[in-house]
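**Q** Before we start, here is the structure in question, set down as structure tokens.
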Amino acid sequence: MEQSFELQMNEFAAKALEAAQAAGISPAEATVARSEAFSVRVRAQKLEDYKVSDRVQLTLRGRWQGRIGTASTQAMDNESLALLIQGVKESAELIEDDEQDDILPPDAQYGEVCNYSDAIDTISAEDKIALAMCIDERLCAADARISPDATVVSTASEVFSIKNTLGLDLSHSSNLIYAYASCLAREGDAAATGFKLLWGYTMEDVSPFAVADGCVKDAVEKLGAGRLQSGARRVVIRNNAMADLLSTFCGVFSADNAQKGLSLLSGKEGTAIASPAVTLTDDPLLPWGMGSCPFDREGAATMTKNVIDGGVLRTLLHNRKTAKKAGVATTGNAAGSGRVAPSNLYIQPGEASLRDLLAHMENGLLLTEVSGLHAGANPVSGDFSLLARGFEVVNGEIQRAVEQFTVAGNFFALLQDVEAVGSDLLFEGSPIGSPSVAVKKLNIAGE
């Protein structure tokens, strides 16, 4: 991002704070978020879509007549400045809730983290298009059974700054590149889709061969998939599928949801809620983590913490408002607009490889995909019933691909039924990750 524009943003934020104080709004806080994104889509060696976006938003908060008001703008000029001041006052006058987010001075100390790569800034649009074309070309040549669907290469960057009239002045920049491909494999009457996504901070992290070959492998392995008999089975949930489940149910760890009666974990701190094999970590200081930042959207210092430690719930995730209500300190998980969200949330990996987990299971199911997560999962009760696919495992070895079955269970019960955790921690295009996990049983509805 251009240094001159960042300077312009900072100057406008400082100007907004001065104007707020002059108008009797005190204390006041200004946040500026600028996001830039580039995306190219290729199909059958043709450029299908090309998008470039650049979005800036400044939000001004401040105390007016005893209430905190908020207003936002995407324009940085004198006219918008006057509207911001007016908006904060009008917003404050409409507020009826006494439990409001405070504006506070900076914390004594902040951690350090880097997830911004200068190398991404040097990648030209032509290079990104060439990368997408290369992935698509390799898909076309990989296997006569493969028909490429879509190949996408994207870069994204954000700078977020927050400052207030009490001495807070913080800024953090992050960026990344990702590439993914999808394809269709056909053999006789059998058909299967494939997908592969890689992301990172250099072009080497999104190797066209790794993306294309991974996509082809994913599709070909599913060809000729059979059906499963209904019943309870021992299951190894592969890392990507377990991360999808964790992402779906991560809201149960929000103190805001707990205080609103939307999480069954309310008041469960200090209680064993999972197998001793499970340690769930939220780490905003993870080097090169997608969700890493040394401060949250309230300007509170972030910290690494185990939400679950050896099966015991140690803490829910808090912002300042929920922490004050609970009589604890914030965990640095404010996500803006009063929300609470994890940063880099993941199950700590163990030492067993995926092969080790399958060998220990002997006979059962390797669950590789779950779908219908929005319709088939209840994020409050933890119940889920999801369309799935995977591989039947016999004597510790993958026997055949299986599909068109439903896997049903409860997220809280699943955590308690974890027998072992694998070493293959994966963040697949998300700050929520997991290794593969072995669980005692899940109910399968097949034929």
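The values are calculated or read from the model by the stated rules, or taken from the named source; none is laboratory data. Remember, predicted model here, so these are calculated numbers, not experimental data. Note that each Cβ is placed from the backbone with ideal geometry, even for glycine, and that neighbours are counted across all protein chains shown. SASA here: full protein model, heavy atoms, side chains in, ligands and nucleic acids out. Shrake-Rupley method; radii C 1.70, N 1.55, O 1.52, S 1.80 Å.
**Q** Collect the residues in the stretch 64-86 that are crowded, with 21+ Cβ neighbours inside 10 Å and not in a helix (DSSP H, G or I), keeping them in residue-number order.
**A** TRP64, ILE68, GLY69, ALA71
**Q** Could you list, in sequence order, the residues of the stretch 211-237 that are outside any helix (DSSP H, G or I) and buried (at least 24 other Cβ atoms within 10 Å of the Cβ)?
**A** Matches in the stretch 211-237: VAL235, VAL236, ILE237.
**Q** Would you be able to say whether some residue in the stretch 339-357 is of a type in the set (Phe, Trp, Tyr) and out of contact with any Asp or Glu (no Cβ under 8 Å at 6 or more places or on another chain)?
**A** No - not one qualifying residue is present in the stretch 339-357.
**Q** Okay, next question. Are any residues in the stretch 292-330 within 30 Å of ALA420 (Cβ to Cβ) and open to solvent by 10 Å² or more (accessible area, probe 1.4 Å), and if so, which ones?
**A** Matches in the stretch 292-330: MET303, THR304, LYS305, ASN306, ASP309, GLY310, VAL312, ARG314, THR315.
**Q** While we're looking at this one, here's another question. Do the conditions hold for TYR180, that is, is it part of a strand (DSSP E or B) and open to solvent by 40 Å² or more (accessible area, probe 1.4 Å)?
**A** For TYR180, the condition - part of a strand (DSSP E or B) and open to solvent by 40 Å² or more (accessible area, probe 1.4 Å) - is met.
**Q** Does THR151 satisfy being of a type in the set (Ser, Thr, Tyr), surrounded by 15 or more Cβ atoms within 10 Å (Cβ to Cβ), over 30 Å from SER337 (Cα atoms) and touching a helix residue (DSSP H, G or I) at 6+ places or on another chain (Cβ under 6 Å)?
**A** For THR151, the condition - of a type in the set (Ser, Thr, Tyr), surrounded by 15 or more Cβ atoms within 10 Å (Cβ to Cβ), over 30 Å from SER337 (Cα atoms) and touching a helix residue (DSSP H, G or I) at 6+ places or on another chain (Cβ under 6 Å) - is met.
**Q** Ok, one more. Listed residues ALA22, ALA13, ALA28; which is of a type in the set (A, V, I, L, M, F, W, C) and open to solvent by 30 Å² or more (accessible area, probe 1.4 Å)?
**A** Just a single option satisfies the conditions, and that option is ALA22.
**Q** Taking the residues in the stretch 183-203 that are open to solvent by 40 Å² or more (accessible area, probe 1.4 Å) and out of contact with any strand residue (DSSP E or B) (no Cβ under 8 Å at 6 or more places or on another chain) as candidates, determine which candidate is nearest to GLN45 (Cα to Cα).
**A** The selected residue is GLU187.
**Q** Also, quick follow-up: Would you pick out the residues in the stretch 238-264 that are assigned to a helix (DSSP H, G or I), crowded, with 21+ Cβ neighbours inside 10 Å and in contact with a helix residue (DSSP H, G or I) (Cβ under 7 Å, 6 or more places away or on another chain)?
**A** Correct list: LEU245, PHE249, ALA255, ASP256, ASN257.
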